[in-house]
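Asks: Submitted below is the structure of interest, expressed as structure tokens.
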Amino acid sequence: MITKSEINIIRSLGDRAGRSEHGLFVVEGDKSIAEICNAGFKIVRMFTTTDGPGLKIRPSDMARISSHKSPPDRLALFKIPERKIDFQLINKDLTLVLDDVQDPGNLGTIIRLADWFGIKQIICSPATVDVFNQKTIQASMGSISRVNVQYIPLEDFFKQVNNIPIFGTFLEGEDIYTSQLSHPAIIVMGNEGKGISDATSKFTNRRITIPPYPHDATTVESLNVAMATAVVCSEFRRRMKK
């Protein structure tokens, strides 16, 4: 039987402060749980409404602790791993930097894109949505286990980076398809509504943009940040193959 205290703790993990306090995050559903387990994350507790691994609880209790409208059969608590920024990796490959990305679905999708394009590390501003948000975990489709996501004031981060081109994505910038790209490189993606902040933009030394087609077309104001990340990462990787 699940206790009232356990229910309260699990429900507190729905926000960033609760996850930070307890050092735990929630994963729901057999597939997601298996992916996180296989990646070496430490499972602390599991609850199930069916036979199999975990403490068996009533469906009504699962509904109380699940964030889904249709609760899964299984929910697990994992320990938040202790990771650090790998500056040696930054000197060798592509690194994504996110400046106050707010939507958990966007962050999860960007993590999944990074995994697809072989980008092993994402650096986030402190105001970027928490990587262990349930919606972020779901959108990452297991990629959260293979991409190192770190939070640090971006000014502090950039001051530790030496001699690596820092590309910022702006509405006004060089056409990414004709500009000179480099490897290794740092790629900065901005907030959904405001783009890259002034405080962060001063550290970028290359401004790039994804042009609409045709160039003089009347079109949407901008691309979704996750869509833009896909285009930018694809073009950087395409150039590397040449």
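The values are calculated or read from the model by the stated rules, or taken from the named source; none is laboratory data. This one's a predicted model, so the numbers in the text were calculated from it and none came from an experiment. We place every Cβ from the backbone using ideal geometry, glycine too, and count neighbours over all the protein chains shown. The accessibility values were calculated without ligands, DNA or RNA, using every heavy atom of the protein model including side chains. Shrake-Rupley method; radii C 1.70, N 1.55, O 1.52, S 1.80 Å.
Asks: Among what's in the range 149-190 and is within 17 Å of the chain's Cα centre (by Cα) and open to solvent by 30 Å² or more (accessible area, probe 1.4 Å), pick the residue that is farthest from residue 132 (Cα to Cα).
Replies: Keep residues of the range 149-190 that are within 17 Å of the chain's Cα centre (by Cα), which gives 149-154, 186-190.
Checking the rest, the ones that are also open to solvent by 30 Å² or more (accessible area, probe 1.4 Å) come to 151, 153.
Working: 151: 12, 153: 18 Å.
Of everything passing the filter in the range 149-190, 153 is farthest from residue 132 (Cα to Cα).
Asks: Applying the selection to the range 43-67, what residues are part of a helix (DSSP H, G or I) and either touching a Cys at 6+ places or on another chain (Cβ under 6 Å) or of a type in the set (Ser, Thr, Tyr) (or both)? Write out each step before concluding.
Replies: Within the range 43-67, the subset part of a helix (DSSP H, G or I) is 59-65.
The answer is 60, and nothing else.
Asks: What number of residues in the range 17-69 are open to solvent by less than 80 Å² (accessible area, probe 1.4 Å), charged (D, E, K, R) and farther than 30 Å from residue 127 by Cβ?
Replies: Result for the range 17-69: 1.
Asks: What are the residue pairs meeting all of these: first residue in the range 39-65, first residue closer than 26 Å to residue 140 by Cα, second residue of a type in the set (Phe, Trp, Tyr), Cβ atoms under 6 Å, and 6 or more apart or on different chains?
Replies: Once the first residue is closer than 26 Å to residue 140 by Cα and sits in the range 39-65, its partners that are of a type in the set (Phe, Trp, Tyr) give 41/78; 43/78; 54/47.
Asks: Sticking with this structure for a sec: Taking the stated definitions as given, is residue 89 of a type in the set (A, V, I, L, M, F, W, C), more than 16 Å from residue 137 (Cα to Cα) and either in contact with a Ser or Thr (Cβ under 7 Å, 6 or more places away or on another chain) or part of a helix (DSSP H, G or I) (or both)? Reasoning before the result, please.
Replies: Numbers: of a type in the set (A, V, I, L, M, F, W, C): yes; more than 16 Å from residue 137 (Cα to Cα): yes; either in contact with a Ser or Thr (Cβ under 7 Å, 6 or more places away or on another chain) or part of a helix (DSSP H, G or I) (or both): yes.
Yes.
Asks: What residue, of 83, 112, 146, is closer than 30 Å to residue 163 by Cα, open to solvent by 10 Å² or more (accessible area, probe 1.4 Å) and at pLDDT 95 or above? Working first, answer last.
Replies: Values: 83 fails: at pLDDT 95 or above; 146 fails: at pLDDT 95 or above.
Step by step, each of 83, 112, 146 is checked, and only 112 is closer than 30 Å to residue 163 by Cα, open to solvent by 10 Å² or more (accessible area, probe 1.4 Å) and at pLDDT 95 or above.
Asks: For the range 131-143, which residues satisfy the criterion of being open to solvent by less than 40 Å² (accessible area, probe 1.4 Å) and not small (Gly, Ala, Ser)? Give the steps one after another, and end with the answer.
Replies: In the first step, residues of the range 131-143 are kept if they are open to solvent by less than 40 Å² (accessible area, probe 1.4 Å); the result is 131-134, 136-137, 139-140, 142-143.
Passing the criteria: 131, 132, 133, 134, 136, 137.
Asks: Can you confirm whether the range 90-102 contains a residue that is within 21 Å of the chain's Cα centre (by Cα), among the acidic types (Asp, Glu) and open to solvent by 20 Å² or more (accessible area, probe 1.4 Å)?
Replies: yes
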